[in-house]
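Asks: Quick one: this structure, given as structure tokens, is what I'll be asking you about.
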Amino acid sequence: QITLKESGPTLVKPTQTLTLTCTLSGFSLSTSGVGVGWIRQPPGKALEWLGLIYWDDDMRYSPSLQSRLTITKDTSKNQVVLTMINMDPVDTATYYCAYTSAVGPMLSIDYWGQGTLVTVSS
Amino acid sequence: QSVLTQPPSVSGAPGQRVTISCTGSSSNIGAASAVSWYQQLPGAAPKLLIYGNVNRPSGVPDRFSGSKSRTSASLAITGLQAEDEADYYCQSYDSSLSSVVFGGGTKLTVL
């Protein structure tokens, strides 16, 4: 059974750096073809793609956010970490990590974490 | 403003059929990128409903079906039930942006 769970701070101050951890269960990020991505959803708004990392360390980021994002993986801990710098109140959102087993044009998000709400406020 | 365009809302009575459209362009849906659909129940994470334009994951009822034509895609729900009331999102890949893209979401109300 594939599950993902996000963890990290619920409140960050403007200009601070956000670090979220996604703990994986039921699969390994060392398995060929597997990727873990991050998506966010501001309250009452649509889903927004942030980026993902594949089993082979290939990383893809949203063009609009790539200057602020870093996604890394720790295969031994079965975790993926999202780092976003220079947080702003507009970054307030529920952040989801998610599993995919496809690439590029065929990508679908097969499993989602429960999400974690991050509020940016002073 | 989302790269993929969906109607903000649709509605239908129990037992009816509704469709939700997702309009893209020649750099995403029209470029042969696959379309996926997700259902997001109130307060919950999204769940995969359709992948590869027309395929249902195990456990998704066959009341849900997907289709694609040129630069647009559609999700059809037949035999509408109260528990289908949710937000629905389409997703594809944009080759110009080299990025996954989502629609703005459609709220389905079961009357």
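Quick note: the coordinates plus some simple rules give every number you see, no bench work behind them. Because the structure is predicted, anything quoted here is derived from the model rather than measured. Note that we place each Cβ from the backbone using ideal geometry, even for glycine, and neighbour counts take in every protein chain shown.
Asks: If we count every other residue with Cβ under 10 angstrom of A:V118's Cβ, Lys/Arg +1 and Asp/Glu -1, where does the sum land? Please report the intermediate quantities before stating the final value.
Replies: Details: positive: A:R40; negative: A:E6, A:D91.
Residues near A:V118 contribute -1 overall.
Asks: Something else about it: Averaged over B:44-55, how many beta carbons belonging to a partner chain fall within 10 Å of each residue's beta carbon?
Replies: 4
Asks: Under 13 Å from the Cβ of B:G104, count the other residues' Cβ atoms, weight Lys and Arg +1, Asp and Glu -1, and hand me the total. If you can, show how the numbers build up before the last one.
Replies: Details: positive: A:K45, B:K107; negative: A:E48, B:D87.
Counting the neighbours of B:G104, the net charge comes to 0.
Asks: Among B:T106, A:T92, A:T3, which comes first, then next, by fewest other beta-carbon atoms within 10 Å? Could you put the intermediate results ahead of the total?
Replies: Values: B:T106 20, A:T92 17, A:T3 14.
By the 10 Å Cβ count, ascending: A:T3, A:T92, B:T106.
Asks: With point charges of +1 on the Cβ of Lys and Arg and -1 on the Cβ of Asp and Glu, referenced to the Cα centre of chain A, which listed residue (A:C22, A:L11, A:S62) lies farthest in the positive direction of the dipole?
Replies: Of the candidates, A:L11 comes out farthest on the positive side.
Asks: Here's a follow-up. Of B:Q6, B:Q40, B:V54, which is farthest along the charge dipole of chain B in the positive direction, counting Lys and Arg as +1 and Asp and Glu as -1 at C-beta?
Replies: B:V54
Asks: Could you pull out the trypsin sites (Lys or Arg not before Pro) across the stretch A:1-76 that fall in loop regions by DSSP (anything but H, G, I, E, B) with no more than 13 other Cβ atoms inside 10 Å?
Replies: Details: sites: A:K5, A:R40, A:K45, A:R60, A:R68, A:K73; in loops: A:K45, A:R68.
Answer in residue order: A:K45.
Asks: Among A:G44, A:I71, A:S32, which residue has its Cα furthest toward the positive end of the charge dipole of the stretch A:26-73, with +1 on Lys/Arg Cβ and -1 on Asp/Glu Cβ?
Replies: Most positive-ward Cα: A:G44.
Asks: If you don't mind, another one. How many Cβ atoms of partner chains, on average, are near each residue of A:46-53 if near means within 10 Å of its Cβ?
Replies: Numbers: counts 10, 13, 4, 9, 2, 2, 1, 0.
Other-chain Cβ atoms within 10 Å of each residue's Cβ, averaged: 5.
Asks: With +1 on each Lys and Arg Cβ and -1 on each Asp and Glu Cβ, how big is the dipole of chain A about its Cα centre, in debye rounded to the nearest 20? Could the numbers behind the result be given before it?
Replies: Values: 8 positive and 9 negative charges, 47 e Å.
That gives chain A a dipole magnitude of about 220 debye.
Asks: Sort A:L18, B:L111 so that the residue with the fewest other Cβ atoms within 10 Å of its own Cβ comes first and the one with the most comes last. Show your work: numbers first, answer last.
Replies: Values: A:L18 19, B:L111 10.
Listing A:L18, B:L111 from fewest to most nearby Cβ atoms yields B:L111, A:L18.
Asks: Treating only the Cβ of Lys, Arg, Asp and Glu as charged (+1, +1, -1, -1), what charge dipole size does the stretch B:46-111 show about its Cα centre? Round to the nearest 20 debye. Before the final figure, lay out each step's value.
Replies: Numbers: 6 positive and 6 negative charges, 44 e Å.
Roughly 200 debye for the stretch B:46-111.
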